[in-house]
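In what follows, a structure is listed as structure tokens, so that the remarks can point back to it.
Just so you know, all these numbers are worked out from the coordinates, no wet-lab data involved. Note that the coordinates shown come from a computational prediction; the quantities given were computed from them, not determined experimentally. Backbone-built Cβ (ideal geometry, glycine too); neighbour counts: all protein chains shown.
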Amino acid sequence: MPQIIRILEKEGLEPELILENVALYLDRDGSVLTKFSPQDLADYINEFVDEQAYITVQSKVDSKQELEWMYNKLQRLREGRAFMLIAIDYTTDRLAGILELIPFSFPFQHSCEFSISVRASYRGRGLAKEMFRIAIREAKRMGYINLHLYVSAENKAAIKLYKKLGFKTIVKLKKERYHYGRLVDEIMMVYTGKYRM
């Protein structure tokens with residue numbers, strides 16, 4: 001059995017769900033996140049950079065940058081208003097996906113934003129759908145009323161999924177995101193509570 005999953009089991013951390021060979025862990029305090037090295041996280045992000053995915057990072061990152069990212073995430077998690085869903089392939093210990101709940105600040109503390117990434121080799125298996133189901137349930141349990149996300153207007157597959165999950169378009173922001181040398185439109189979506197899967 002790979003080491004990270006073995007450590008999580010030894011510490012009594014149970015996954016919320018196992019989907020095929022991927023275990024989904026709800027991480028409220030960084031106890032799962034810290035089992036990965038900064039290099040693991042850099043390798044994860046760099047795969048998205050290689051495919052020019054619609055993420056905020058558009059150049060290769062190193063372990064020092066990911067250590068800083070991890071520190072910032074741990075600070076936010078320990079404030080008690082955020083969480084991460086971390087999907088781990090338990091046959092390899094590879095990160096399969098990450099979904100973050102990002103809280104808004106006062107006076108919008110009743111609102112939060114979701115951000116998700118799933119490695120290409122794990123797409124098309126229902127992983128993102130299951131991650132959102134858990135995240136929406138947890139966000140509501142934490143008292144969030146308005147659940148938002150942003151998506152590139154060019155990412156048709158993601159938009160279709162989000163609509164099925166119960167999100168609707170609030171506004172289309174023209175030339176909002178800089179993406180590899182060009183400005184692209186971005187869509188802001190909000191959860192309606194009408195899950196249609």
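Points to keep in mind about this one:
- The helix-only estimate of mean residue ellipticity at 222 nm for the chain, built from DSSP H runs of length n ≥ 4 each weighted as -39500 (n - 2.57), is -10000 deg cm²/dmol after division by the residue total.
- Karplus-derived HN-Hα couplings along the stretch 109-121 (A = 6.51, B = -1.76, C = 1.60, θ = phi - 60°), whole Hz, x at Gly and Pro: 5, 8, 10, 8, 10, 9, 9, 9, 9, 10, 4, 3, 6
- DSSP bridge pairs, the chain: antiparallel proportion in percent, nearest 5: 90 percent
- Amide H contacts for residue 19 (H built 1.01 Å from N in the peptide plane; partners 5 or more residues away or on another chain; cut-off under 5 Å): 24.
- Counting every C-alpha pair in the stretch 3-191, the share spaced more than 27 angstrom apart comes to 27%.
- Taking amide H as placed 1.01 Å from N in the peptide plane, residue 173 has its amide H under 5 Å from the amide H of 186, 187, 188, each at least 5 places away in sequence or on another chain.
- In sequence order, calculated HN-Hα J values of the stretch 14-21 (Karplus, 6.51, -1.76, 1.60; Hz; x Gly/Pro): 9, x, 5, 7, 10, 10, 6, 9
- Note on the chain: GNM, Cα springs under 10 Å; of 122, 90, 178, the largest mean-square fluctuation is that of 178.
- Charge sum, other residues only, whose C-beta stays under 11 Å from residue 154's C-beta, Lys/Arg counted +1 and Asp/Glu -1: +1
- Taking label positions 7 Å along the Cα-Cβ direction at both residue 168 and residue 67, the computed distance is 4.8 nm, reported to one decimal.
- Cut-off 11 Å between beta-carbons: net charge of the residues surrounding residue 103, Lys and Arg +1, Asp and Glu -1: -1
- Taking 0.36 nm per residue of separation and subtracting the Cα-Cα distance, full extension of the segment from residue 188 to residue 49 would add 47.8 nm.
- The stretch 117-175-the stretch 25-82 distance, computed between alpha-carbon centres (Å): 19 Å
- Between the amide H of residue 125 and any residue lying 5 or more places away or on another chain, no distance stays under 5 Å, with hydrogens modeled in the peptide plane.
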